[in-house]
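Report on the structure given below.
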Ligand SMILES: [Zn+2]
């Protein structure tokens with residue numbers, strides 16, 4: 001799979017603060033929720049050249065990341081937004097035009113769960129929200145390509161290395 005996991009207790013446990021799973025999400029689950037949301041946005045067309053991205057793997061292969069994803073709600077300090085501004089990940093189509101994936105259409109309860117997780121994880125890891133979202137994006141892409149069994153398209157071995165620390 002290209003990933004190495006050291007798992008003393010639970011093979012799904014990534015967070016030191018959510019190891020009991022009670023209402024909280026763990027990293028892979030969070031990425032899975034994001035991936036499920038993003039997959040509903042396809043097929044999706046480039047607004048400039050009208051190229052259609054059939055699905056998420058097609059989009060991953062035929063666009064390039066531009067910068068880090070941004071959560072405008074987190075930037076505004078609103079971790080439970082009733083009217084979310086949104087979270088955006090910008091990419092470049094092969095035509096050079098930018099295309100975006102965003103959080104619009106995500107159920108509020110799901111968004112709030114993810115934002116609560118992002119808030120606790122960024123504090124625990126000492127990273128910015130955008131740095132955390134880069135990790136989520138990498139995991140979403142790994143999952144999307146793995147689901148299709150596209151072994152040749154996966155991230156190089158060693159790129160996703162995770163050591164699980166379970167507090168109990
Ligand atoms: Zn295009």
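Coordinate-derived values only; no laboratory data. All values reported here derive from a predicted model rather than from experimental measurement. For neighbour counting, all protein chains shown are included, and Cβ atoms are generated from backbone atoms with ideal geometry for every residue, glycine included.
Could you list the residues of region 98-120 with an amide nitrogen less than 11 Å from a label point located 7 Å from the Cα of residue 49 in the Cα-to-C-beta direction?
Counting backbone N atoms under 11 Å from the label point, the list is 98.
Given 4 °C and 1.567 mPa s, compute D for region 38-153 with the Stokes-Einstein relation, Rh being the Kirkwood radius over Cα pairs; round to the nearest whole µm²/s.
Details: Rh = 15.1 Å.
In µm²/s, the coefficient rounds to 86.
Full extension from residue 116 to residue 82: what is 0.36 nm times the residue separation minus their Cα-Cα distance, to one decimal in nm?
This chain segment gains 10.8 nm when fully extended.
Normalising by the residue count of region 38-153, find the relative contact order in percent from Cα pairs under 8 Å and 6+ residues apart.
Relative contact order here is 24 percent.
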